[in-house]
There are 2 protein chains.
Amino acid sequence: MKKLYTLSIALLFAVSAFAQQALWGGSQIVSPEINKDNSVTFRLHAPKAVKVQVTGDFLPTQKVETPFGSYDAPGYADLTEKDGIWEYTTAPLGPELYSYSFIVDGLTIRDPSNVHMIRDVASVTNVFIIGGGRSDLYKVNDVPHGTVSKVWYDSPTLGTDRRMTVYTPAGYEQNRKQKYPVFYLLHGAGGDEEAWMDLGRTAQILDNLIAQGKAEPMIVVMTNGNAGECAAPGQCPEGFERIPGMQQRGMMEGSFELHFPDVVKFVESNYRVVKDKKHRAIAGLSMGGYHSLHISKYYPDMFDYVGLFSAAARFHDSSDCPVYQNEKAQIDAQFAKNPALYWIAIGDADFLYEENVNLRKYLDEKGYPYEYVESDGGHIWRNWRIYLTEFVPKLFK
Amino acid sequence: MKKLYTLSIALLFAVSAFAQQALWGGSQIVSPEINKDNSVTFRLHAPKAVKVQVTGDFLPTQKVETPFGSYDAPGYADLTEKDGIWEYTTAPLGPELYSYSFIVDGLTIRDPSNVHMIRDVASVTNVFIIGGGRSDLYKVNDVPHGTVSKVWYDSPTLGTDRRMTVYTPAGYEQNRKQKYPVFYLLHGAGGDEEAWMDLGRTAQILDNLIAQGKAEPMIVVMTNGNAGECAAPGQCPEGFERIPGMQQRGMMEGSFELHFPDVVKFVESNYRVVKDKKHRAIAGLSMGGYHSLHISKYYPDMFDYVGLFSAAARFHDSSDCPVYQNEKAQIDAQFAKNPALYWIAIGDADFLYEENVNLRKYLDEKGYPYEYVESDGGHIWRNWRIYLTEFVPKLFK
């Protein structure tokens, strides 16, 4: 009987596995394989291909010219073929979360052997992590884990329900009496309420920093910064037919900033939080840095901690929107109230570098205190993850 | 100033968009395009390709023989090329959530123009929805939305923290006095705590049925049924290096069933729920149906509603595990307590059909009441979504 049962289980799995395999091109090949020396081997079964390359942010960059300026793009490496299996092994890699794609006869594809992918705007790439340094913070480790929720909130200002991601730290459900500080974390152009969680590894970074005693237990709220969209692509009534892109509705015209009290009100009505300025922080990357700059100055009593990560740190001086009127006076009013932390970080190769020089120049002229971090590199997620690991330990102390 | 500002925004987006495009092969092509008559056009830019096909569950099936039996696989259609763009338009399609992949010179790939993908075990396919019928329940509509959370719970029985997905209905946060019934919904072999949410469209189905007044507001708890794994691939300390597959640790040897009171205890300690049998339901697909069968009979006071969706409805008659001892007597004890609903559904082409015939035969012999639904087709998600839309309205009435 036992034998028959075992056979029967085998059948259940085997037929399905065969079906899967045949239908959807599942693969028995291991790719990527992280070797003992932290080199990585990529493999692809493509017997008919003429040329197979891998591109990824672990390969030497190459400069690309565009009508709008130049940038450093990841390089390419050729895979070599044997018995229909193409293969390439990198040099040993340093600790980091890396992205890659294959290019088969000019067609960019995902690695069919790797189900781990992250969407960045309209592109989906495979990912892997080399641990051993700071990137251990990006891993799921054997520590208590917070809860990650996709929540819809009501915005009377925008006249719609909107979706956000909320991280509540481990113990939130059990410690019924404890009230928590809240960190509002904003994405950049082309992003949405999923970006910081997926590309930013926010849940892993918070879980690990809190477990190590380096960060206070806190709630992290990740909104959708496109005021004209209710949610990420595929999560709105437009469904799968809305095509993601850098241009979304309602990005930098003030309505996101004006609606922000709706977010804070929802969070403070529905979560156990300390409802004062000392227990609220706001930060964002690129466009989210721009939003953080403008929200924190327009509502100077709201946030005691402000982080600008590679921010579009720009002013308008005049606009129909009150958020953008008398902006320097708003900054003055904000600093008159002595925020606990104003933190600016940018890469030395970032195309927004000059805007940050100008912002710092104004703060310096006025003698307003702030912390400044200048890192290597440009406008990339590697930097934003690093900034997050550096900013979070400074909050609510 | 305004002009300069506008230019500056354009630059911010343009450089990034160019970079994106070049780096990761983002595409300007629209694919899939759902036409007015619900035919669908697929497009792929692949100037060097010799042959491009699309495979998907909307094409006529073809019988495939394997050493373990035969099954119906989706068919293939050839795309035709003009100026490097390959294209194919289907016949008008009926309402459904469909999956597809491209096959380029023998290599199965995802559609680079479609960021919407769902993982099924170790395979990732693109998806789209044709609405207009039952599949409108699978869409994000303009109705109140519940919250979807990834939560870690403590299992003393398994000696580890484990991850689950929890759906709380719209209004749960606001209606602080209301207590809710709980529906435990279990995945099949190769799945995990994400399967019912991603492939099953559980949040959309619940949102829509509740908004239409066809289902009671309820909490839905989706566990990980592989007792030897703590979470889905990529969500455990093994990280991205654990390869998903049909065979996971601890699937059908009793430990998942034995630990289930840990799940119920966690839910009833941390959510506002009614803590009695009348307000608990359990259902699952395939292996999850097997788990539901065994859990509901081994703990006959726990669940008043039981759903077996294409279940592996099999008995052991003897085993070292108490869950599998004297199984018919357990069934007798369960039915002696008059469960409110015992619901069995299976497709007429399902390879588990006979096991369900045998189960029903026993229930019929004993005169135990149950409801039975026999649908078209086999062991596929289309059926499990349909079963979910039929089972949920019967609960807690």
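The values are calculated or read from the model by the stated rules, or taken from the named source; none is laboratory data. These numbers come from a predicted model, not from an experiment. No Cβ is skipped: glycine too gets one built from the backbone with ideal geometry, and neighbour counts run over all protein chains shown. Accessible surface areas use protein heavy atoms only, side chains included; no ligands, DNA or RNA. Shrake-Rupley method; radii C 1.70, N 1.55, O 1.52, S 1.80 Å.
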What number of residues in the stretch B:154-168 are among the hydrophobic types (A, V, I, L, M, F, W, C) and within 12 Å of residue B:255 (Cα to Cα)?
1
Could you check residue B:190 against (1) farther than 19 Å from residue B:138 by Cα; (2) in contact (Cβ under 8 Å) with a residue 40 or more places away in the chain; (3) surrounded by fewer than 23 Cβ atoms within 10 Å (Cβ to Cβ); (4) at the interface with chain A (Cβ under 9 Å from one of its Cβ atoms) and say which number it fails?
(3)
All-but-one check, residue B:275 against (1) part of a loop (DSSP other than H, G, I, E, B); (2) touching a residue at least 12 places away in the same chain (Cβ under 8 Å); (3) open to solvent by 20 Å² or more (accessible area, probe 1.4 Å), failing number (2)
For residue B:173, the lone unmet condition from (1) farther than 30 Å from residue B:261 by Cα; (2) among the acidic types (Asp, Glu); (3) open to solvent by 20 Å² or more (accessible area, probe 1.4 Å) is (1)
Selected residue [without any contact (Cβ under 8 Å) to a residue 40 or more places away in the chain, open to solvent by less than 10 Å² (accessible area, probe 1.4 Å) and among the aliphatic types (A, V, I, L, M)] from B:282, B:295
B:295
List every residue pair whose Cβ atoms sit under 6 Å apart, with the two residues 6 or more apart in sequence or on different chains, where the first one lies in the stretch A:334-350 and is touching a residue at least 40 places away in the same chain (Cβ under 8 Å) and the second, anywhere, is of a type in the set (Asp, Glu).
A:339/A:304; A:340/A:304; A:343/A:371
Give the number of residues within the stretch B:346-397 that are closer than 24 Å to residue B:216 by Cβ, among the acidic types (Asp, Glu) and part of a loop (DSSP other than H, G, I, E, B).
0
Residue under evaluation residue A:206, criteria (1) open to solvent by 10 Å² or more (accessible area, probe 1.4 Å); (2) part of a helix (DSSP H, G or I); (3) aliphatic (A, V, I, L, M), criterion not met
(1)
If I ask for residues that are loosely packed, with under 14 Cβ neighbours inside 10 Å, of a type in the set (Lys, Arg) and more than 22 Å from residue A:277 (Cα to Cα), which ones from the stretch A:355-397 would you list?
A:361, A:366
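It is to be established whether one or more residues within the stretch A:304-326 are basic (Lys, Arg) and over 19 Å from residue A:221 (Cα atoms).
Checking the stretch A:304-326: at least one residue is basic (Lys, Arg) and over 19 Å from residue A:221 (Cα atoms).
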If the requirement is being within 20 Å of residue A:121 (Cβ to Cβ), surrounded by fewer than 20 Cβ atoms within 10 Å (Cβ to Cβ) and touching a residue at least 40 places away in the same chain (Cβ under 8 Å), which of these qualifies: A:225, A:245?
A:245
Out of curiosity, is residue B:142 touching a residue at least 40 places away in the same chain (Cβ under 8 Å) and within 11 Å of chain A (Cβ to nearest Cβ)?
no
From the option list B:159, B:133, single residue qualifying as farther than 30 Å from residue B:269 by Cα, more than 9 Å from chain A (Cβ to nearest Cβ) and free of Cβ contacts under 8 Å to residues at least 60 places away in the same chain is B:133
Within the stretch A:156-170, which residues are surrounded by fewer than 16 Cβ atoms within 10 Å (Cβ to Cβ) and among the aliphatic types (A, V, I, L, M)?
none
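Considering A:121, A:54, which residue is crowded, with 17+ Cβ neighbours inside 10 Å and either farther than 30 Å from residue B:142 by Cβ or more than 9 Å from chain B (Cβ to nearest Cβ) (or both)? Outline the logic, then answer.
Values: A:121 fails: either farther than 30 Å from residue B:142 by Cβ or more than 9 Å from chain B (Cβ to nearest Cβ) (or both).
Among A:121, A:54, only A:54 is crowded, with 17+ Cβ neighbours inside 10 Å and either farther than 30 Å from residue B:142 by Cβ or more than 9 Å from chain B (Cβ to nearest Cβ) (or both).
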Specify the residue that is farthest from residue A:116 (Cα to Cα); the eligible residues are those in the stretch A:57-99 that are modelled with pLDDT of 95 or more, among the acidic types (Asp, Glu) and open to solvent by 80 Å² or more (accessible area, probe 1.4 Å).
A:81
So, in the stretch B:100-138, exactly how many residues are of a type outside the set (A, V, I, L, M), within 25 Å of residue B:244 (Cβ to Cβ) and in contact with a helix residue (DSSP H, G or I) (Cβ under 8 Å, 6 or more places away or on another chain)?
10
Filter result (among the basic types (Lys, Arg) and under 14 Å from residue B:97 (Cα atoms)) within the stretch B:367-397:
B:382, B:385
All-but-one check, residue B:153 against (1) more than 7 Å from every other protein chain (Cβ to nearest Cβ); (2) open to solvent by 30 Å² or more (accessible area, probe 1.4 Å), failing number (2)
Filtered residues of the stretch A:100-116 (kept if within 7 Å of another protein chain (Cβ to nearest Cβ) and open to solvent by 10 Å² or more (accessible area, probe 1.4 Å))
A:104, A:105, A:106, A:107, A:108, A:110, A:112, A:115, A:116
Checking residue B:263 against (1) of a type in the set (A, V, I, L, M, F, W, C); (2) without any contact (Cβ under 8 Å) to a residue 60 or more places away in the chain; (3) more than 13 Å from chain A (Cβ to nearest Cβ), only one condition comes out false. Which one?
(2)
Is one or more of the residues making up the stretch B:313-330 of a type in the set (Lys, Arg), in the same structural domain as residue B:277 (by TED's automatic domain parsing) and either assigned to a strand (DSSP E or B) or within 18 Å of residue B:282 (Cα to Cα) (or both)?
yes
Just wondering, is there one or more residues in the stretch B:314-330 that are closer than 18 Å to residue B:294 by Cβ, of a type in the set (S, T, N, Q), within 14 Å of chain A (Cβ to nearest Cβ) and without any contact (Cβ under 8 Å) to a residue 12 or more places away in the chain?
yes
Please determine, by comparing only the residues of the stretch A:228-242 that are open to solvent by less than 10 Å² (accessible area, probe 1.4 Å) and in contact with a helix residue (DSSP H, G or I) (Cβ under 9 Å, 6 or more places away or on another chain), which one is farthest from the other protein chains (Cβ to nearest Cβ).
A:232
For the list (1) surrounded by 24 or more Cβ atoms within 10 Å (Cβ to Cβ); (2) in contact with a Lys or Arg (Cβ under 6 Å, 6 or more places away or on another chain), I need the number of the one condition that residue A:185 fails.
(2)
